[in-house]
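Everything on this sheet refers to the single structure shown next.
The values are calculated or read from the model by the stated rules, or taken from the named source; none is laboratory data. A quick note: this is a predicted structure, and the numbers were derived from the prediction, not measured. Note that we place each Cβ from the backbone using ideal geometry, even for glycine, and neighbour counts take in every protein chain shown.
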Amino acid sequence: MKEDSPFVTKSLTSGRRRHRLSGLPPSWLQLVPHTSHLHVTEHRDDRSPFALAYEWSARMTSISLELVVPTLIGYWLDQRLHSLPLFLILGVTLGFVTATLSLLRLTKPKQK
């Protein structure tokens, strides 16, 4: 980097570089506790990235259809029965509830 860059400056005391935006000297990093003692258990999935992409694509498509299909059925019923948008409102509500429940089920951790 260039010496006259607005993002990097030299510290006056030690000659080391520090980031001007944060204003924190490199010695500040010594105050951060080390996290090497933390162990995160993660689930290894041996499937290919392509298979994982298909799985997530299918999940998102099904959630989208759960939202759209009841709405379209409600609209169709209102048009067919020449009624107020009662069935449309019911379809939107039903679609919203089912899609929300599916998203909650998707984010809930798997229990073994």
Output the number of the condition that Gln111 fails; it satisfies all remaining conditions of (1) under 25 Å from Trp56 (Cβ atoms); (2) surrounded by 13 or more Cβ atoms within 10 Å (Cβ to Cβ). (2)
Determine whether Thr93 is in contact with a helix residue (DSSP H, G or I) (Cβ under 7 Å, 6 or more places away or on another chain), modelled with pLDDT of 55 or more and either among the acidic types (Asp, Glu) or surrounded by 10 or more Cβ atoms within 10 Å (Cβ to Cβ) (or both). no
